[in-house]
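The values are calculated or read from the model by the stated rules, or taken from the named source; none is laboratory data. This structure is a prediction, so every number in the text was calculated from the model and none was measured. Here the Cβ positions follow ideal geometry from the backbone for every residue, glycine too, while neighbour counts run over all protein chains shown. Each accessible area value is taken on the protein alone, full model and side chains, heavy atoms only, with ligands, DNA and RNA left out. Shrake-Rupley method; radii C 1.70, N 1.55, O 1.52, S 1.80 Å.
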Amino acid sequence: MEATCSTSTNMETETPTSGPDASLPPAVIVLGMAGSGKTSFVQRLTSHLHAKGTPPYVVNLDPAVHKLPYPANIDIRDTVKYKDVMREYGLGPNGAIMTSLNLLCTRFDKVLSLVRQRAPQYSMCLMDTPGQIEAFTWSASGSIITDSLASQQPTVIVYIVDSARVANPTTFMSNMLYACSILYRNKLPFIIVFNKADIVKPTFAMKWMQDFEEFLAALDESGSSYTSDLSRSFALVLDSFYANLRSVAVSSMTGEGMVDVEKAIEASIEEYKKDYLPIYEKTMANKKQIDATEMQKKIEALKKEPVLLSMSGDVVENLPIEKMQIEETK
């Protein structure tokens, strides 16, 4: 499948860098439950940034979306035809989404190259993900995309929450547990965005995150049940999770809160530089050390028992390693 993008750009790759470049604009991966308003949020933030004269670079990763309300610089639908995947592989909707993402991952180096090439022209790279959140967050392709971006430039996870739906304490706790699992899976700067503030002000949710007693009082009002008792137990566990978490109230309909989103992203970039980069550098250093150790073991093993094999795999003869000659090809 030939990878293309909605802008007239060539797909030549650049030589990859040895590690993340913290000077590049951030990549913002937008996640959220179906119906939470991810695409509307991306559209509103895109509009807000264009109005400021600092346009974003927008990537659509949802192969099943019928129509996009914003101009995408790179669109997965130009590369992978969702319905063709369903037909060709005999898959259902979710399976086809995951397979489409897997196919994109085989050319994701091209996407990374374009995102890097266009860095001087945009303020941030927005990634809109599939409506079926589990198809991205818990798939191998989702991990590859997230890790690849984070190893190239500052990367932030934005988790969209429907304010109207989480008015119920139990539903609120379910969303927070999911957010917590995504945070600890990706280990990247994380922002919770309470969307649809024009319908229901998420003031209550902010209080629940800051005051454990407020949340318990809301649970008591909703009545005693197995789920409320379970939520009460989880609330104690998540208290430390809320401590360093950024949260913003927005309305994708009116544009309320977009300035606060920008500020939260800026603070998250500093967190990326302070916390993620040292971890990445340490991990890569450990990997190099392990690779060097393994290579030395293989060399030592060859010195002890060097064996020359024919094309059929049969042993031809044992050769002392010091008698082997290396010559340049003429």
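Once the 1.4 Å probe is applied to the protein heavy atoms, the stretch 170-232 comes out at 49 Å² accessible per residue.
Stretched out straight at 0.36 nm per residue, the stretch from Glu271 to Gln121 would grow longer than its current Cα-Cα span by 51.6 nm.
Apolar share of the accessible surface for the stretch 105-244: 54 percent from carbon plus sulfur atoms, 1.4 Å probe. Annotation: amide H of Cys125 within the under-5 Å range of Ala27, Val28, Tyr57, sequence separation 5 or more or interchain, hydrogens built in the peptide plane.
Just want the answer: with Cβ charges of +1 for Lys and Arg and -1 for Asp and Glu, which residue in Cys180, Pro93, Ile76 is farthest toward the dipole's positive end in the stretch 65-212? After comparing all options, I get Ile76.
Rounded if a/c is under 1.5, else prolate if a/b is larger than b/c, else oblate: which is the stretch 190-297, with a ≥ b ≥ c the root eigenvalues of its Cα gyration tensor? Walk me through the numbers before you get to the answer.
Values: a/c = 3.67, a/b = 1.68, b/c = 2.19.
It comes out oblate by the Cα gyration axes.
Can you give me the % of accessible surface on the stretch 245-287 that is carbon or sulfur? Probe 1.4 Å, all protein chains present, nothing else counted. Carbon and sulfur together cover 57 percent of it. Which of the three applies to the stretch 36-117, rounded, prolate or oblate, going by the alpha-carbon gyration tensor with a ≥ b ≥ c and a/c under 1.5 meaning rounded? Judged from the Cα gyration tensor, the stretch 36-117 comes out oblate (a/c at least 1.5, b/c at or above a/b). The local environment of Leu126, defined by Cβ-Cβ distances under 13 Å, has a net charge of -1 under the rule Lys, Arg +1 and Asp, Glu -1.
Structural descriptor for the stretch 189-248: relative contact order 59 percent, calculated from alpha carbon pairs under 8 angstrom and at least 6 residues apart.
Go ahead and run the numbers for FRET between Lys67 and Ala34, Cβ-Cβ distance against an R0 of 22 Å, rounding to 0.05. Don't jump to the answer; show the numbers that get you there.
Details: r = 17 Å, r/R0 = 0.75.
The calculated FRET efficiency here is 0.85.
Solvent-accessible area of Trp138, all protein chains in place: 120 Å² (probe radius 1.4 Å, heavy atoms, ligands and nucleic acids excluded).
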